[in-house]
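Just below is one structure, and these are the notes that go with it.
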Amino acid sequence: MKLYYAPGACSLSPHIVLEESGLPFELEKVDLQTKETASGHDFYLVNTKGSVPALELDDGQVLTEGAAIVQYLGDQVPEKELIPLPKTMERYRVMEWLNFIATELQKSFTPIFNPAYTSCCEEAKKTLLRQFDFVDRRLTGKSYVMGERFTVVDAYLFTISTWIEAAELSVDQWKALSAYRKRISERPAVCRAMMAEGLV
């Protein structure tokens, strides 16, 4: 498999899951401004949306959208228990979290990263404060989002939480989230992914 990524973008989430899975994979960096891959190819020929992540499978198919990719990867290695089994309530809880992170948390950062939305930045920060208050409450007393076991949700939530400082917010105001982020950052698979992307 090949993961198309941009350093520190939401593609870090499936990168972490790939490292956790032990599955063989390659990386290809994408310049999100020029839409050119590190090997000099037009990224739109890989993903017509022009966004990362994109996962090229062994049979040539390309899977996009981080929440879908991490579920796919988790299902490839059921013995790793990175995602609960299909048709269980725990699986639907994971999907609930993945959707919340994708449609609420991640989208709330749009004005922070896009200069065209500078007039919306203060409102975005207020929204992020409310959303991370919720996350902090849900993490209180837990090692991971789903309890005591690392899942694909943690890869995604950790990735988005690394953007907090870009919004000129401090993670320290959320005790449970701050401890959680430190704990996730120390996982060997997370360290490998971040080192590969030049983030540490």
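The values are calculated or read from the model by the stated rules, or taken from the named source; none is laboratory data. What you are looking at is a predicted structure, and each value in this text was computed from that prediction instead of being measured. All Cβ positions, even for glycine, are placed from backbone atoms using ideal geometry, and neighbour counts span all protein chains on display. All accessible areas refer to the heavy atoms of the entire protein, side chains included, with ligands and DNA or RNA removed. Shrake-Rupley method; radii C 1.70, N 1.55, O 1.52, S 1.80 Å.
When the residues of segment 1-25 are filtered to those that are over 19 Å from residue 200 (Cα atoms) and aromatic (Phe, Trp, Tyr), which remaining residue is least open to solvent (accessible area, probe 1.4 Å)? Spell out the reasoning first.
Here is the first cut: in segment 1-25, the residues over 19 Å from residue 200 (Cα atoms) are 1-4, 21-25.
Now drop any that are not aromatic (Phe, Trp, Tyr), which leaves 4, 25.
On the way: 4: 14, 25: 56 Å².
Of everything passing the filter in segment 1-25, 4 is least open to solvent (accessible area, probe 1.4 Å).
I'd like the full set of residues that are in a helix (DSSP H, G or I) and open to solvent by less than 50 Å² (accessible area, probe 1.4 Å), limited to segment 167-178.
Narrowing segment 167-178 to residues in a helix (DSSP H, G or I): 167, 171-173, 175-178.
Correct list: 167, 171, 176, 177, 178.
Against the condition farther than 22 Å from residue 92 by Cβ and among the basic types (Lys, Arg), how does residue 138 come out, does it pass?
Details: farther than 22 Å from residue 92 by Cβ: no; among the basic types (Lys, Arg): yes.
Considered against the rule, which asks whether it is farther than 22 Å from residue 92 by Cβ and among the basic types (Lys, Arg), residue 138 comes out as no.
Based on this model, can you work out whether residue 28 counts as open to solvent by less than 60 Å² (accessible area, probe 1.4 Å) and either modelled with pLDDT of 95 or more or not charged (D, E, K, R) (or both)?
Numbers: open to solvent by less than 60 Å² (accessible area, probe 1.4 Å): yes; either modelled with pLDDT of 95 or more or not charged (D, E, K, R) (or both): yes.
The answer is yes for residue 28.
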Query - Long-range neighbours under 9 Å by Cβ, at least six apart or interchain, first residue under 14 Å from residue 70 (Cα atoms) within segment 84-100, second small (Gly, Ala, Ser) - result: 84/74; 94/74; 95/67; 98/66; 98/67; 98/68; 99/67
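When segment 122-166 is examined, which residues are found to be aliphatic (A, V, I, L, M) and open to solvent by less than 30 Å² (accessible area, probe 1.4 Å)?
Narrowing segment 122-166 to residues aliphatic (A, V, I, L, M): 124, 128-129, 135, 139, 145-146, 152-153, 155, 157, 160, 164, 166.
Listed by number, the residues that qualify are 124, 128, 135, 139, 145, 152, 153, 155, 157, 160, 164.
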Requested in this report: Could you figure out which of (1) touching a strand residue (DSSP E or B) at 6+ places or on another chain (Cβ under 7 Å); (2) over 22 Å from residue 107 (Cα atoms); (3) assigned to a helix (DSSP H, G or I) isn't true of residue 150?
Outcome: (3)
Query raised in the report: In segment 180-197, which residues are in contact (Cβ under 8 Å) with a residue 12 or more places away in the chain and among the hydrophobic types (A, V, I, L, M, F, W, C)?
Result: 184, 189, 190, 193, 194, 196
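Is it the case that segment 184-199 has a residue that's closer than 30 Å to residue 22 by Cβ, outside any loop (DSSP other than H, G, I, E, B) and touching a Leu at 6+ places or on another chain (Cβ under 6 Å)? Quick ask: steps written out before the conclusion?
At the first step, the residues of segment 184-199 found to be closer than 30 Å to residue 22 by Cβ are 184-199.
Among the residues that remain, those that are also outside any loop (DSSP other than H, G, I, E, B) are: 184-185, 188-196.
In the following step, the residues that additionally are touching a Leu at 6+ places or on another chain (Cβ under 6 Å) were identified as none.
Among the residues of segment 184-199, not one is closer than 30 Å to residue 22 by Cβ, outside any loop (DSSP other than H, G, I, E, B) and touching a Leu at 6+ places or on another chain (Cβ under 6 Å), which makes the answer no.
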Report summary line: When segment 27-49 is checked residue by residue, the ones that are touching a strand residue (DSSP E or B) at 6+ places or on another chain (Cβ under 9 Å), touching a residue at least 12 places away in the same chain (Cβ under 8 Å) and not in a strand (DSSP E or B) are 35, 43, 46, 47, 49
**Report entry** Residues of segment 62-116 that turn out to be closer than 16 Å to residue 153 by Cβ, of a type outside the set (Ser, Thr, Tyr), under 14 Å from the mean Cα position of the chain (by Cα) and open to solvent by 20 Å² or more (accessible area, probe 1.4 Å), as a count
**Finding:** 10
